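Shown next, in structure tokens, is the structure this report addresses.
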Ligand code: TYM
């Protein structure tokens, strides 16, 4: 029996190369090795303000791009979180074994609370509990994510332990699995690449847009003119080369920068061409899927059916372990 793997992605509409290098590319590699389940986590996405009218399109877009990037629906299960309502039921139950102090320590909560001061809601606070529920509902043992999720995974293990010690051994402790690009920096070279910081390259963006974004991306700040030698190690463009370029090109970029033999734009152009080349098949496949929207919806429908079955099995065990399985007598009383 293969171990089960679970991971999730928020329906932000635009999947970026941070998501791709940090998570999705790794998901694709692991398809044969584990029994894989991937979720578009829309219940998580509503913890910050959103436009309800856009949500269905955002969900479908992320599913489409995931499939286009290599999540073959014949080799894994892909579903929308809110189509399996047991996620919220288990999250509520897990809330009751999660110490508030642990949630207060979550750096993502602190960051988001600072950025969305007008809307610091209880859902944002309990976000990591829902994430633990996502994973534990399927008793998944492997969770491939980027580095920003490691703290949430530590908490998921803690929650599993707390539940098991109180109600019996039901959940395995899930373990994170990092890719070789666990933290991709954004084009501002200051923050992690993310949709909300608008410092990203989208997986299906056109070559023109990719070049436009890269041409103004921040490089080594000490290299003010073409003739200044630079320090590749502190240049984000050099780090992006490491993900998309050949070894010769990586050396060319480092040496050229150090000796001022090449300019930043020249260096960016090679990177841009390589990114465009790697993303071209994904862009093409996404366009094909856009012409066949019924296919993506079928995948999501089948995915939810499969996950509902698994989720119901776990919830039966959970309810029974907690004394929440009282069976009422089928006959009405004579009173
Ligand atoms: P989300 O939607 O922010 O990101 C999806 C995946 O992409 C990774 N990632 C990155 N990796 C490297 N560099 C970056 N700049 C970068 N930006 C994003 C994330 O680490 C993630 O793996 N809370 C999760 C979604 C979630 C989940 C789960 C994940 C909900 N339930 C259960 C695993 C298991 C999130 O917001 O991911």
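The values are calculated or read from the model by the stated rules, or taken from the named source; none is laboratory data. It should be emphasised that the depicted structure is a prediction, and the values quoted were computed from it without experimental measurement. For neighbour counting, all protein chains shown are included, and Cβ atoms are generated from backbone atoms with ideal geometry for every residue, glycine included.
Computed quantities for the displayed model
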| item | result |
| --- | --- |
| Lone qualifier among 103, 136, 153 - being surrounded by 22 or more Cβ atoms within 10 Å (Cβ to Cβ), within 15 Å of the ligand (Cβ to nearest atom) and either over 21 Å from the mean Cα position of the chain (by Cα) or within 26 Å of residue 321 (Cβ to Cβ) (or both) | 136 |
| Qualifying positions in segment 30-63 - in a helix (DSSP H, G or I), surrounded by fewer than 20 Cβ atoms within 10 Å (Cβ to Cβ) and away from the ligand (no atom under 14 Å from the Cβ) | 55, 56, 57 |
| Some residue of segment 164-181 being part of a helix (DSSP H, G or I), crowded, with 18+ Cβ neighbours inside 10 Å and more than 8 Å from the ligand (Cβ to nearest atom) | no |
| Options 299, 276, 270: the member that is in the same structural domain as residue 17 (by TED's automatic domain parsing) and buried (at least 17 other Cβ atoms within 10 Å of the Cβ) | 299 |
| First in segment 120-139 and assigned by TED's automatic domain parsing to the domain that holds residue 311, second anywhere and more than 11 Å from the ligand (Cβ to nearest atom) and modelled with pLDDT under 95, Cβ under 6 Å, 6 or more apart | 120/113 |
| Any chance residue 82 is crowded, with 22+ Cβ neighbours inside 10 Å and either away from the ligand (no atom under 11 Å from the Cβ) or at pLDDT 95 or above (or both) | no |
| Residue check for residue 95: in contact with a helix residue (DSSP H, G or I) (Cβ under 6 Å, 6 or more places away or on another chain) and more than 12 Å from the ligand (Cβ to nearest atom) | yes |
| Where residue 211 falls short, out of the listed (1) under 20 Å from residue 21 (Cβ atoms); (2) under 22 Å from the mean Cα position of the chain (by Cα) | (2) |
| Any helices (runs of 4 or more DSSP H) falling wholly within segment 188-286 and containing at least 1 residues that are away from the ligand (no atom under 16 Å from the Cβ), in contact with a helix residue (DSSP H, G or I) (Cβ under 9 Å, 6 or more places away or on another chain) and without any contact (Cβ under 8 Å) to a residue 40 or more places away in the chain | 236-244, 247-258 |
